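A quick write-up on the structure given underneath.
A short reminder: the numbers here are calculations on the coordinates, not readings from a lab. Because the structure is predicted, anything quoted here is derived from the model rather than measured. Cβ placement follows ideal geometry from the backbone for every residue including glycine, while neighbour counts extend to all protein chains displayed.
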Amino acid sequence: MKGSFYMGDTLRILGLLVGFLYGWTTYAQELHFSVPFRTSLQLNPALTAAIPGDFRIMSAYKNQWASIGTPFQTIYGSFDMKLLNTDEDNNHLGAGISFFSDKAGKTSMGLTQLNLHFAYVFKIGNTQFVSGGIQTGFVQRSTNYEGIKWDNQYNGVGYDPSLPSGETNLPQNRSYFDAGAGVTWEYVPNKKFKTKVGWATYHLTMPNVSNFDEGTDRLKLRMTLHGEAELMLNKQFTLLPQFVSMHKGPSFEIIAGVCVKYVTGERSKYTDATIPSTLSLGAYYRYDDAVIASVLYEYRQMLSIGVSYDLNISPLKVATSRRGGVEVSLLFNGVFEKQVIKL
């Protein structure tokens, strides 16, 4: 089956999707990174092993709102790989594992999650790829009360840690299983343009996440829609527009932006054996919350390091002086056998 979509059709589809997303506006958000496109397995399980090589290692760290107290700290790490290629079209099964930890405040209240990911990528016709994936994981919510000062521990003169806190019904640690699933569609009509759109739904088990033994608080479904495109302007410059939205109950978040990729060296004129390094500069907007500046250096499609920074524009800017947080990401693409990775 030949591909029947053209770039104009794809851009119109993306435009309609973005317009639809802007109808879901609220302030709240779930755990996230400023540039979620660099934590692929957290974004969509269908992106598992959607890689140019045989395996991939990703990690990211975010430190947020340090200017207003104990910062929120988020750590992410993952490994995924192709298990087998079923034919010359590069149809393949992929598997991966990811780790996610988020801690906030003096109590280190947070979430730790370990996930397994599986996906299958298959080619449709000459220009399109479809992928489906699932995720299952173990989650623990925890709180550390050591060092917390309570009103009842002030004796009228000063703080006395030997006094009882008077707190008898504090939130407890909670563990549960969670699951998610997603799909992606990729369109690659030529070497100068490609685009990808994906949809994922998380918290399919809708577990009880109440921190109290007798409480009930079912985790609502989180739906994620994301898209990106790559448009090569010439031999040196490429545009990379991207967007992602997350919708969970009454809460909503959207991040959209564009990067400009610059080839720092010359491409080979005769072969793909020489893959150039690139430098990307970008800016993103998180709706009604922050502007994000980003830089990414990629060494020959194998190793990349990215740094981004949030600048608050929401009412929180009064407390943060517009200082949001820094985020660092690392990515390594590898092969099991010595071979050329084609662009």
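What base-10 log of the normalised intensity I(q)/I(0) is obtained for the range 181-297 from the Debye formula, alpha carbons as equal point scatterers, at q = 0.16, 0.19, 0.20 Å⁻¹? With one equal scatterer per Cα and no solvent, log10 I(q)/I(0) is -0.90, -1.08, -1.14. Here the range 171-222 is described by how far its Cα atoms reach on the three principal axes: 58, 15, 13 Å, from widest to narrowest. Here the simple spin-label model places points 7 Å from the Cα toward Cβ, and for Leu204 and Tyr154 these points are separated by 5.1 nm.
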